[in-house]
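J.: So that we are looking at the same thing, I have put the structure below in structure tokens.
Only the coordinates and a few stated rules stand behind these numbers; no lab work does. These numbers come from a predicted model, not from an experiment. Don't worry about glycine lacking a Cβ; one is built from the backbone with ideal geometry, like all the others, and counts go over all protein chains shown.
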Amino acid sequence: MKKLASVPRRLVSLLGRHVSDAKLPAELKKLKLPKTQGKLKDTKRGITVSVGRGGVIREVHLGKNYDGPLAFKLPSGVNDFTATKLLGKPTGELKKKDGGSVWEKVLDADRGIYFSRSSGHFDWWSEHRFFIKTK
């Protein structure tokens, strides 16, 4: 995870933390993430941090408006061809109708933190997320 750029690294560091963590508000303020509809979300920058059951941060989603560095040297707006060159063969397919390929890579096996890239529904834009994988 040390190879991640600054913003994704700070976002990933939130995973697995409880919302009652005393240091969390200061870190969220540095990331400039406003709270909307029960999520920490910045639609302008395309960043959503989701809190799961028990108040634990479970996922960071980088949507279509995110225009920053990703993981594994993926450029923003990466297509499936380039993703395959950088990540290897897809590890799965989206289950939705007209879903595309999915790539999943381990970032921190001890903490169960993964990175996922998919082409999104109908391949309009690629979806990138960092998440804690439950067994």
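J.: First check a/c for region 1-55, with a ≥ b ≥ c the square roots of the eigenvalues of its C-alpha gyration tensor; if it is under 1.5, answer rounded, and if not, answer prolate when a/b is larger than b/c or oblate otherwise.
T.: In terms of gyration-tensor shape, oblate.
J.: Scan region 1-44 for trypsin sites (Lys or Arg not before Pro) in coil per DSSP, keeping those whose Cβ has at most 16 other Cβ atoms within 10 Å, and list them by number.
T.: 2, 3, 17, 23, 32, 44
J.: Evaluate the relative contact order of region 33-115 (contact order divided by residue number), counting alpha-carbon pairs under 8 angstrom at least 6 apart; express in whole percent.
T.: 14
J.: Considering the convex hull of the alpha carbon atoms of region 38-100, report its projected area averaged over all viewing directions, in nm², one decimal.
T.: Average of the hull's projected areas for region 38-100 equals 5.8 nm².
J.: Checking the cross-link filter: which aspartates and glutamates have an alpha carbon closer than 16 Å to that of residue 95, excluding same-chain neighbours under 8 positions apart?
T.: Of all the aspartates and glutamates, those that pass the test against residue 95 - Cα under 16 Å, at least 8 places apart if same chain - are 104, 123, 127.
J.: Residue by residue, what Karplus-based ³J(HN,Hα) values in Hz, rounded to whole numbers, does region 69-83 have, using 6.51, -1.76 and 1.60 with θ = phi - 60° and x for Gly and Pro?
T.: x, 10, 10, 6, 6, 6, x, 5, x, 5, 8, 4, 4, 5, 4
J.: When the Cα atoms of the chain are enclosed in a convex hull and the volume is divided per residue, what value in Å³ results?
T.: So the per-residue hull volume is 122 Å³.
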